[in-house]
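Just so it is clear, none of the values below were taken in a lab; they were calculated from the coordinates. Given the structure is predicted, the values throughout are model-derived calculations rather than measurements. Cβ: placed from backbone, ideal geometry, glycine included. Neighbour counts: every protein chain shown.
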Amino acid sequence: IDMSQYVENMVDDFPIKFKSTDTAATPAADDLFAAGSSKKLEKDRQETFHTWVAKGLFVAKRARPDIHPTIAVLCTRVKEPNESDWIKLIRLLKYLNGTRKDVLTLSADDLRSIKWSVDVAFAVHPDFKSHTGGVMSFSRGAIQSLSRKQKLNTRSSTEAELVGADDAITMVLWTKHFLEAQGYPVLNNILYQDNKSTILLEENGRKSAGKRSRALNVRYFFLTDQIEKGNLIVKYMPTDDMVSDYMSKPLQGEKFRKFRREIMGMDA
């Protein structure tokens, strides 16, 4: 499939016709997670909304990870979309309209070193659940990306970051095992995070768990076992350098442009 052509068709086939000047600087505004209007869409627009969100999910997973966070949120709204959700979809399509020719470019420095970045936006959904974002690469360009609403409520950003790491761990370990099965031994499987308290929990398990963390289900300390077995290395990275920040929230301005270049593997 020619994904650039697919994106063009996706934009051109939408019931609202966009001019070349109908563009948006980013896929979503700051209110991406907000519930917004309570007015539900009529049936025909509900069906259109569902169809184009599905198209967007297909594009995000295969060629345009830069729209993944927006699509992830819109996917949570397909059962009962409202006017605010419709406006968010229109903005996404305007963004695609202005970036029709952009393509994902992948590059690798070393196939033996996998770099994962996982970040979390704490309690941003209307039900106060957090949102996990993750990016995997060998150098530039997101080979895999993760953007999803967490399934449980957490009491602190530290707990949310631990849940976020657990959200990503299946992909982190599967990627390592897949590459090794293809004949590429992985020397370093690195998970970058920006919360030092979370890193202590992951590395030390219950030994670093205080009163606030004692209620966490023991399955979240699965990471501790994987670290001890040598399947995973957890390292600290400052928030301003965490490309996965892009996948956990609707960034704007220079930070959006910086991380988008990294995710899409673009020079400019």
Check your understanding: Want the number for residue 267 to residue 20: 0.36 nm per residue separation, take away the alpha-carbon distance, what's left?
Key -> 86.5 nm
Revision key, fill the gap. Along principal axes, largest first, the alpha-carbon spread of region 82-145 in whole Å comes out as 47, 34, 10
Study note, to complete from the structure: The Cα radius of gyration of region 111-202, divided by 2.2 N^0.38 Å with N its residue count, comes to 1.14
Review point. Given R₀ = 45 Å, FRET efficiency for residue 241-residue 44 by Cβ-Cβ distance, to 0.05?
Key: 0.50
Practice item. Restricting things to alpha carbons, find the Rg to Rh ratio for region 1-103 using the Kirkwood radius for Rh. Key: 0.93
Point to revise | Approximate shape of region 49-91 as ellipsoid semi-axes (Cα gyration tensor, √5λ), whole Å, largest first | key: 17, 10, 8
Revision key, fill the gap. Taking every alpha carbon pair in region 1-51 and sorting the distances into 5 angstrom bins from 0 up to the bin holding the longest one, the percent per bin comes out as 4, 13, 15, 23, 25, 15, 4, 1
Check your understanding: Between their Cα atoms, which of 39/79; 39/129; 19/94; 40/149 are more than 20 Å away from each other?
Key -> 39/129; 40/149
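So, with +1 on the Cβ of K and R and -1 on the Cβ of D and E, and no other charges, what is the size of the charge dipole of region 1-110 about its Cα centre, to the nearest 20 debye?
For region 1-110, the charge dipole is close to 320 debye.
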Exercise for review: Rounded, prolate or oblate: pick one for region 64-113, where a ≥ b ≥ c are the square roots of the eigenvalues of its C-alpha gyration tensor, a/c under 1.5 means rounded, and failing that, prolate if a/b is larger than b/c, else oblate.
Suggested key: oblate
Check your understanding: Normalized C-alpha radius of gyration of region 139-191, against 2.2 N^0.38 Å?
Key -> 1.38
Practice item. Diagonalise the Cα gyration tensor of the chain and give the resulting equivalent ellipsoid semi-axes, square root of 5 times each eigenvalue, largest first, whole Å. Key: 33, 23, 15
Check your understanding: Which angle from 0 to 90°, rounded to the nearest 10, does the C-alpha axis of helix 157-181 make with the longest principal axis of the chain?
Key -> 90
Check your understanding: lysines within cross-link reach of residue 176: Cα-Cα under 16 Å, excluding same-chain residues under 8 positions apart?
Key -> 115, 229
Exercise for review: Report the normalised scattering of region 31-168 as log10 I(q)/I(0) at q = 0.21 Å⁻¹, calculated by the Debye formula with identical scatterers on the alpha carbons.
Suggested key: -1.26
